Amino acid sequence: NSDVLPTISFGSQFMSAVITPTSGSNILIVEHSGMWSDASTSGPTVAMFADDFCIAAMHHSVSNVNHVFQMALNSTLLVSETGWTSGALTITVRGSSGGTITFNGTSGNRYYNTAQKSTLIVREYTP
């Protein structure tokens, strides 16, 4: 772990959503909840981006390999804080780990068939 924000080249992308904000002075509320697992004891690190600007990040340490858990990232920010000026804004969720990271399952296998396990919600509000 460090005190440095992840960059957009961090890890692998697992989710994305595209929004075209109506104003740079509007407020975005971005929420991710995901089922993550790591095949090592280092645990996964998950980061959320608005285009290439990191808006949230967290690390979850684990004591057992392939431990499955829910991780939540939330960010409330002004559209202008992302560097957006016009057009589409892409929100992405990226993850990495010391071993094999698995999204929506463990050991490279999914859990609970097609039941929803992870979400990415983007809301825009006019202040």
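The values are calculated or read from the model by the stated rules, or taken from the named source; none is laboratory data. These numbers come from a predicted model, not from an experiment. Neighbour counts are summed over all protein chains in view; Cβ atoms, including those assigned to glycine, are modelled from backbone coordinates with ideal geometry. Surface accessibility is based on the protein's heavy atoms, side chains included, excluding ligands, DNA and RNA. Shrake-Rupley method; radii C 1.70, N 1.55, O 1.52, S 1.80 Å.
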Q | Over the chain: Rg over Rh, Cα atoms, Kirkwood Rh | A | 1.00
(Q) What does the extension gain come out to for F53 and Q70, with contour length at 0.36 nm per residue minus their alpha carbon separation? (A) 3.8 nm
Q) Under the Karplus relation 6.51 cos²θ - 1.76 cosθ + 1.60, θ = phi - 60°, what is the ordered set of whole-Hz ³J(HN,Hα) values for the range 86-101, x standing for Gly and Pro? A) 6, x, 6, 10, 9, 9, 10, 10, 10, x, 8, 7, x, x, 8, 8
Q | Whole-Hz couplings from phi, Karplus 6.51/-1.76/1.60, listed for the range 50-60; x for Gly and Pro | A | 10, 6, 9, 9, 6, 10, 6, 7, 7, 10, 10
Q. Could you give me the ³J(HN,Hα) list for the range 25-31, computed from phi with Karplus coefficients 6.51, -1.76, 1.60 and θ = phi - 60°, whole Hz, x at Gly and Pro?
A. 8, 6, 9, 9, 10, 10, 10
Q) Taking the Cβ-Cβ separation of T119 and T41 as r and a Förster radius of 22 Å, what is the calculated FRET efficiency to the nearest 0.05? A) 0.20
Q: Let me have the relative contact order for the chain, percent, based on Cα pairs under 8 Å that are six or more residues apart.
A: 41 percent
Q | Solvent-accessible surface ranking, highest first, for T7, T92 at 1.4 angstrom | A | T7, T92
Q: Please find, in a Gaussian network model of the chain (springs between Cα atoms separated by less than 10 Å), the residue of A57, A88, A47 whose mean-square fluctuation is greatest.
A: A88
